[in-house]
Structure formats: structure tokens, C-alpha cells
Amino acid sequence: QVQLVESGGGLVQPGGSLRLSCAASGSAFSIYTMGWFRQAPGKQRELVAAATNVGGTNYADSVKGRFTISRDNAKNAVYLQMNSLKPEDTAVYYCNLYLPLIREEYWGQGTQVTVSS
């Protein structure tokens, strides 16, 4: 059973930065995508950024140029550096791990990010 543990959320002022971390444990896997989704109140969960284990990345248009996703494959970890944060970035951020060969995905418990003055 795969477990994802997230950390790094919090309250930040507009224009500030936060770094989210997520570490996967519980199983061995070599081909997988890790990423971040977010869900604001009253809205659907949406992709923020994702990274494959061979270096490919994908970003939502709303965060391009402000957020950077990175991975440490040796630690089965993924990070999201969020800069120039805006109030509309406020949401619960969820870590996601997707195993394409068996079409399974796993979710973290979520971490709150609040951007407010």
C-alpha cells in the first residue's frame, strides 16, 4: 500500500513563497508520475503540476512561471516551489502518485495553502 505524506502548507501574504513536499513510501515502483493538485472551496480539484520519473513536467497555465515542480527519485519525493503567490492560489493542495503501468493512483491527505494579507 502506497502512502503519501505531505508537508509545507500554511499562511502566506500575497507575493510570498511556500514550498510543499511529498514523500511516497510503502511500495517499490520505477515508472510513475508524481504531481500536485489543488481544490478551492466550491471548485473541482485541478492539476497544478506534474513530473514524470524521466524528467517531463506539466503545469497549469495559471501557475506557469511562478511554480516549479521537482523530484528526488532516490527518495520517491516531489516538491512544489510556489513563488509570487496570489489569493486565488488559496486551496487544499494534494500530492498525487500515478502508476501508469497498472493504472493506479494514490493521494496524500492534503495540505492547506492560504494566501491572504
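Given region 52-117, what strands (runs of 3 or more DSSP E) lie entirely inside it while holding 3 or more residues that are over 20 Å from Pro41 (Cβ atoms)?
Values: elements: 57-59, 67-72, 77-82, 91-99, 104-107, 111-115.
Once the strands (runs of 3 or more DSSP E) in region 52-117 are filtered for at least 3 residues that are over 20 Å from Pro41 (Cβ atoms), what remains is 57-59, 67-72, 77-82, 91-99, 104-107.
Give region 5-26 a look and list any residue that's over 15 Å from Leu97 (Cα atoms), open to solvent by 50 Å² or more (accessible area, probe 1.4 Å) and more than 12 Å from the chain's Cα centre (by Cα), or say none.
Leu11, Gln13, Pro14, Gly15, Ser17
Considering region 79-102 alone, what residues qualify as being more than 20 Å from Val12 (Cβ to Cβ) and in contact (Cβ under 8 Å) with a residue 12 or more places away in the chain? Outline the logic, then answer.
From region 79-102, those more than 20 Å from Val12 (Cβ to Cβ) are 96-102; that's our starting set.
Of everything in region 79-102, those that are more than 20 Å from Val12 (Cβ to Cβ) and in contact (Cβ under 8 Å) with a residue 12 or more places away in the chain turn out to be Asn96, Leu97, Tyr98, Leu99, Pro100, Leu101.
What single numbered condition from (1) over 16 Å from the mean Cα position of the chain (by Cα); (2) assigned to a strand (DSSP E or B); (3) modelled with pLDDT under 95 fails to hold for Gln1?
Failed condition: (2).
Of all residues in region 80-113, which are at pLDDT 95 or above, over 12 Å from the mean Cα position of the chain (by Cα) and surrounded by fewer than 16 Cβ atoms within 10 Å (Cβ to Cβ)?
Those that are at pLDDT 95 or above, over 12 Å from the mean Cα position of the chain (by Cα) and surrounded by fewer than 16 Cβ atoms within 10 Å (Cβ to Cβ): Asn83, Ser84, Lys86, Pro87, Glu88.
For the condition in contact (Cβ under 8 Å) with a residue 40 or more places away in the chain, at negative phi and open to solvent by less than 30 Å² (accessible area, probe 1.4 Å), what is the one hit in Arg45, Arg38? It would help to see each step written out before you state the result.
On the way: Arg45 fails: open to solvent by less than 30 Å² (accessible area, probe 1.4 Å).
Criteria check complete, one pass: Arg38.
Tell me, yes or no, whether region 55-62 has at least one residue that is under 19 Å from Pro14 (Cβ atoms), free of Cβ contacts under 8 Å to residues at least 24 places away in the same chain and surrounded by 11 or more Cβ atoms within 10 Å (Cβ to Cβ).
Going through region 55-62, the residues under 19 Å from Pro14 (Cβ atoms) turn out to be 60, 62.
Pick out the ones that are also free of Cβ contacts under 8 Å to residues at least 24 places away in the same chain and you get 60.
With the extra rule that they be surrounded by 11 or more Cβ atoms within 10 Å (Cβ to Cβ), the set shrinks to 60.
Yes, the conditions are met somewhere in region 55-62.
Out of all the residues in region 63-79, which are open to solvent by 30 Å² or more (accessible area, probe 1.4 Å) and either of a type in the set (A, V, I, L, M) or in contact with a Gly (Cβ under 9 Å, 6 or more places away or on another chain) (or both)?
Result: Arg71, Ala74, Tyr79.
For the list (1) in a loop (DSSP other than H, G, I, E, B); (2) open to solvent by 50 Å² or more (accessible area, probe 1.4 Å), I need the number of the one condition that Phe29 fails.
All conditions are met except number (2).
The values are calculated or read from the model by the stated rules, or taken from the named source; none is laboratory data. These numbers come from a predicted model, not from an experiment. Methodologically, a virtual Cβ is constructed for each residue, glycine included, from the backbone with ideal geometry; neighbour enumeration extends over all protein chains shown. These area figures cover heavy atoms from the full protein model, side chains too; ligands, DNA and RNA do not enter into them. Shrake-Rupley method; radii C 1.70, N 1.55, O 1.52, S 1.80 Å.
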